[in-house]
Amino acid sequence: MPELPEVEVTKRSLKSHLQGRQIERINVREKRLRWPLNLNQLNHLLNQDILSLSRRGKYILINSERGTALIHLGMSGSIGILKNDRPIKKHDHFDLVTDNKVIIRFTDPRRFGSFIWAGKNPEKHKLLKNLGPEPLNNDQLGLHLHNLSKGRKTSVKAFIMNANIVVGVGNIYASESLFISGIHPKRRANAVSKNRYLKLATAIQNTLEKSINMGGTTLRDFTYSDAGQKVGYFKQELNVYGRGGSQCSKCEQPIKSVLLSGRSSFYCSNCQH
Ligand SMILES: [Zn+2]
């Protein structure tokens, strides 16, 4: 599933092709995405200067003078940027064609992604208005987590994965940052001290940034490829995630794997308390 780093890298890639340009055409082949694709609304984007691209959680915002469109990659979405057209494949659901004939192609086998019009005040849109703060470039993150954790008996892992608390901490990043900060994923959110939340916040930020930087390397290859390579999901060096049974990199005990709130969770019971 595309996580915050993939979405951020996709946004940067789109920005380099869309900002300051116009979208001339939207070609739709499949409207049945997470929400039905509404061309009457999305056509507001046409022939408008694209002022900027931004990201809120895992939504990419395409901001024009008339308003903002949101793209979400869902479970399996990806965006290809094509300087020359290519045959349409089965899951290529829509294209944006720019005024300099670059084709931005949205592909999504599972169709949980979305492309919707959010109007002039996207921050008030129902999909965005309840989102917690961004984790990156946020020096208040640790304090914010500690303040919101009061009275919360849920596990700290479920707490940091709740987008109403903080956006963009997916399963991989939650597992990795809890390992780095030495916090047991099943510990109750209200039983983690302020100091430990400060450490956890730094671990979340470092883990996400490292992944974005690795994606940036992928992106460089991708941007200069005329073949229309996709922004993919990048490989990362993981300490615990997906490593159940193998040795902990700190203490060499086996990494444990359990289901927690229905999600596979990985931790070292020797290093995390
Ligand atoms: Zn360990």
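The values are calculated or read from the model by the stated rules, or taken from the named source; none is laboratory data. Nothing here was measured: the structure is a model prediction, and the numbers come from that model. All Cβ positions, glycine included, derive from the backbone under ideal geometry; neighbour counts span all protein chains shown. Heads up: the accessible areas ignore ligands, DNA and RNA and are worked out on the full protein's heavy atoms, side chains in. Shrake-Rupley method; radii C 1.70, N 1.55, O 1.52, S 1.80 Å.
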The alpha-carbon center of region 91-149 and that of region 1-60 are separated, in whole Å, by 9 Å
Across 5 Å bins beginning at 0, the whole-percent shares of Cα-Cα pair distances in the chain come to 1, 6, 12, 15, 17, 15, 12, 9, 7, 4, 2, 0
Between S246 and E65, the two model label points (7 Å from Cα along the beta-carbon direction) sit apart by a distance in nm of 5.4 nm
Of the accessible area of region 4-124, computed with a 1.4 Å probe and all protein chains kept, carbon and sulfur make up a percent value of 45 percent
Relative contact order as a percentage, region 6-157, C-alpha pairs under 8 Å and 6+ apart, gives 25 percent
Between the modelled labels at K153 and E30 (7 Å from Cα along Cα→Cβ) the distance in nm is 4.4 nm
For region 4-124, the per residue accessible area (1.4 Å probe, Å²) is 45 Å²
Residue-normalised 222 nm signal for the chain, counting each DSSP H run of n ≥ 4 as -39,500 (n - 2.57), nearest 500 deg cm²/dmol, is -8500 deg cm²/dmol
Largest first and rounded to whole Å, the semi-axes √(5λ) derived from the alpha carbon gyration tensor of region 4-124 read 18, 17, 15
Most packed first (mean Cβ within 10 Å per residue), the peptides 188-199, 80-91 order as 188-199, 80-91
Rounded to the nearest 5, the percent of antiparallel DSSP beta bridges in region 1-72 equals 95 percent
As straight-line cross-link partners of K199, the qualifying lysines (C-alpha separation under 21 Å, not fewer than 8 residues apart within one chain) are K150, K153, K157, K186, K210, K250
So, relative contact order of the chain in percent, Cα under 8 Å, 6 or more apart, is 19 percent
